[in-house]
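One structure is given here, and the rest of the page talks about it.
The values are calculated or read from the model by the stated rules, or taken from the named source; none is laboratory data. All of these numbers come straight from a predicted model, not from anything done at the bench. Reconstructed Cβ throughout: ideal geometry from the backbone, glycine too, with neighbour counts over all protein chains shown.
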Amino acid sequence: MKTKSFIKSNFLRNKFFNQQDELTNIARKNVLYSVIFRGLGMFFNLLLVPLTLDYFTPLNYGIWLTLSSFLYWLILFDFGISGAFRNKYAEALATKNWDAAKIYVSTSYFTISCIAVLLAGVCYLALHTVNWISLFNYPAALYNELLTLFSILSLLFCLRLIFGLINTVYSANNKFSLSSLLEFSTTLLVLLTIVVLKQFSYNSLFLAGLLYGLILVIVPLVANVWSFTGAYRAYYPRWRFVDVQSSGNLLKLSSHFFFLQLSLLLLYFGSNFIISALLGPEDVTVFNIPYKFLSIPITLSILIYNPYLSAATFAYNNGDTAWFKKTSKHLLFVWLGLSFLTVVFVIVSPLIFTIWISNKIIVPLSVTMLIGVFVIVHMWNNLFGYLLFGVGKIRVQLYSYLIGAFLIIPLSYMSTSTFKSGLEGIIIANIVCLLPCSVALPIQLNKIINNTAIGLFSK
């Protein structure tokens with residue numbers, strides 16, 4: 001069957017590779033490098049925790065975690081342009097419409113640049129009209145320092161929006177290992193930065209935040225120059241390839257991706273902001289220690305699920321429902337295995353925390369257990385989300401995550417102010433907000449597999 005041959009060429013079977021197939025060997029190297037880079041990145045991220053704990057005071061470490069969450073948004077958030085760009089660019093490459101591919105690259109860079117300029121103005125107004133320091137319970141003594149830092153980071157955020165599109169170029173060309181390399185390079189440079197800062201300064205949020213923000217811009221900037229003067233020279237963004245009509249189409253298509261992306265960011269990466277605002281920066285630290293440890297299974301799940309994205313597109317376009325049935329069952333076993341691993345991580349977490357951070361931060365077991373539940377639900381949603389994203393059916397995800405995004409802040413506020421449940425209550429609120437997707441996505445995939453999807457489930 002066509003799908004089987006496609007899977008062979010994209011390394012998705014457990015038996016994996018045909019040694020005589022050059023394309024398969026390239027794919028194998030791609031996966032191998034991605035696993036290596038992601039694995040090293042996870043290791044360096046874990047090393048960062050004790051290093052930053054030693055560098056910052058407990059209060060400033062909590063602020064740093066909230067700040068680094070904002071910086072992480074720089075990596076992930078692009079107003080949905082990357083999702084729309086990836087679909088159109090990959091389609092042009094698949095049909096060998098090279099002119100269209102050039103148009104979509106240039107037009108996407110032009111569109112995101114226009115958005116970045118407008119956003120810079122919005123950020124300037126927001127920073128000087130809203131008291132963000134008070135909003136996130138930061139000490140008043142840090143007002144001037146943090147306001148200056150946030151202003152600089154907002155500008156860097158706008159630049160990152162533009163240069164970050166190179167990751168989508170890699171993804172559409174099935175070079176996702178290059179994206180993993182950029183992520184690894186960023187983590188390594190941040191680690192080295194903290195090591196150097198420890199030698200020359202102490203507890204400087206401004207220096208650490210500024211250098212972190214610069215790294216997030218410089219790494220993709222170098223990647224753009226290297227790629228568009230090398231392997232992707234033919235697609236180098238040029239003004240003559242910018243098409244206003246295509247820009248409008250991209251913006252229209254990106255609107256769905258934008259709201260989905262915004263909802264996902266709030267639900268999966270907004271906890272630090274909510275915890276800081278409702279409880280204070282110190283509780284951000286207590287939340288992040290177990291979350292960083294338990295996010296290892298999430299990273300493993302992404303590495304496993306990601307290759308199925310393109311395969312799902314191919315299988316769906318060829319009407320291969322048998323592949324979906326087989327693959328969904330296989331991925332369910334993967335999810336069960338990773339869920340078991342998460343439970344093991346929770347059980348051994350007290351010992352790990354003693355070795356890892358020398359008990360500098362006391363983490364209640366109840367917090368670790370609830371984060372474990374959150375991780376398991378997260379991986380469940382990703383399982384079905386990746387397959388449905390591959391076939392272009394994102395409407396149910398969009399609405400389900402929007403419901404969760406609207407509920408997360410009031411539920412978190414209620415849990416802390418009414419029920420006085422503290423950090424545990426906020427984590428429970430996060431879990432509850434993921435449940436609409438946990439129920440809706442399996443139903444939608446089952447309907448698509450059995451060709452019974454109608455109405456919203458078919459979109």
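List pairs: first in region 203-232 and in a helix (DSSP H, G or I), second surrounded by fewer than 16 Cβ atoms within 10 Å (Cβ to Cβ) and charged (D, E, K, R), Cβ under 8 Å, 6+ apart or cross-chain? Correct list of pairs: Leu205/Glu145; Phe206/Glu145.
Considering region 60-119, the residues that are within 18 Å of Phe241 (Cα to Cα) and aromatic (Phe, Trp, Tyr) include one that is surrounded by the most Cβ atoms within 10 Å (Cβ to Cβ), namely Tyr104. Within region 31-50, residues that are at pLDDT below 90 have Cβ atoms under 9 Å from residues that are not in a helix (DSSP H, G or I) in these pairs: Val31/Phe11; Val31/Phe16; Val31/Pro307; Ser34/Asn306, counting only partners at least 6 apart in sequence or on another chain. In region 223-253, of all residues being of a type in the set (Lys, Arg) and more than 25 Å from Thr186 (Cβ to Cβ), the one that is farthest from the chain's Cα centre (by Cα) corresponds to Arg240.
Free of Cβ contacts under 8 Å to residues at least 24 places away in the same chain, in the same structural domain as Cys114 (by TED's automatic domain parsing) and aliphatic (A, V, I, L, M), is that true of Val130? Give the derivation first.
Values: free of Cβ contacts under 8 Å to residues at least 24 places away in the same chain: yes; in the same structural domain as Cys114 (by TED's automatic domain parsing): yes; aliphatic (A, V, I, L, M): yes.
In short, yes.
Residue under question is Leu67, and the condition is that it be among the aliphatic types (A, V, I, L, M) and at pLDDT below 75; does it hold? No: the conditions fail for Leu67.
Selection within region 374-399: residues that are part of a loop (DSSP other than H, G, I, E, B) and either under 12 Å from Leu309 (Cβ atoms) or touching a Ser or Thr at 6+ places or on another chain (Cβ under 8 Å) (or both). The member of this set that is modelled with the highest pLDDT is Lys393.
To keep it simple, each residue is scored yes or no on (1) assigned to a helix (DSSP H, G or I); (2) touching a Pro at 6+ places or on another chain (Cβ under 7 Å); (3) at pLDDT below 95.
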{"residue": "Tyr401", "(1), (2), (3)": "yes, no, yes"}
{"residue": "Phe406", "(1), (2), (3)": "yes, no, yes"}
{"residue": "Gly425", "(1), (2), (3)": "yes, no, no"}
{"residue": "Ala429", "(1), (2), (3)": "yes, no, no"}
{"residue": "Lys447", "(1), (2), (3)": "yes, no, yes"}
{"residue": "Ala453", "(1), (2), (3)": "no, no, yes"}
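Figure legend. Inter-residue proximity from region 162-178: first residues at positive phi, second residues crowded, with 22+ Cβ neighbours inside 10 Å, beta-carbon distance below 6 Å, spacing 6+ or different chains. No pairs are indicated. Residues satisfying the criterion are absent from region 237-253 (criterion: without any contact (Cβ under 8 Å) to a residue 40 or more places away in the chain, in the same structural domain as Ala84 (by TED's automatic domain parsing) and surrounded by 13 or more Cβ atoms within 10 Å (Cβ to Cβ)).
The set of residues in region 316-341 being surrounded by 19 or more Cβ atoms within 10 Å (Cβ to Cβ) and more than 15 Å from Phe384 (Cβ to Cβ) consists of Asp320, Trp323. Would it be correct to say that Leu365 is at pLDDT 95 or above, hydrophobic (A, V, I, L, M, F, W, C), more than 23 Å from Val334 (Cβ to Cβ) and surrounded by fewer than 17 Cβ atoms within 10 Å (Cβ to Cβ)? Criteria met by Leu365.
If you check Thr187, Thr148 for being of a type in the set (S, T, N, Q), buried (at least 19 other Cβ atoms within 10 Å of the Cβ) and in a helix (DSSP H, G or I), only one passes: Thr187. Give me the pairs, please: first residue somewhere in region 139-158 and outside the structural domain of Glu282 (by TED's automatic domain parsing), second residue anywhere and surrounded by 14 or more Cβ atoms within 10 Å (Cβ to Cβ) and of a type in the set (Phe, Trp, Tyr), beta-carbon distance under 6 Å, and either six or more positions apart or on two chains. Pairs found: Glu145/Phe206; Leu149/Phe206.
Listed by first and then second residue, the pairs linking a residue in region 182-200 that is modelled with pLDDT of 90 or more to a residue that is outside any helix (DSSP H, G or I), with Cβ atoms under 8 Å apart and 6 or more places separating them unless they lie on different chains, are Leu197/Ser204.
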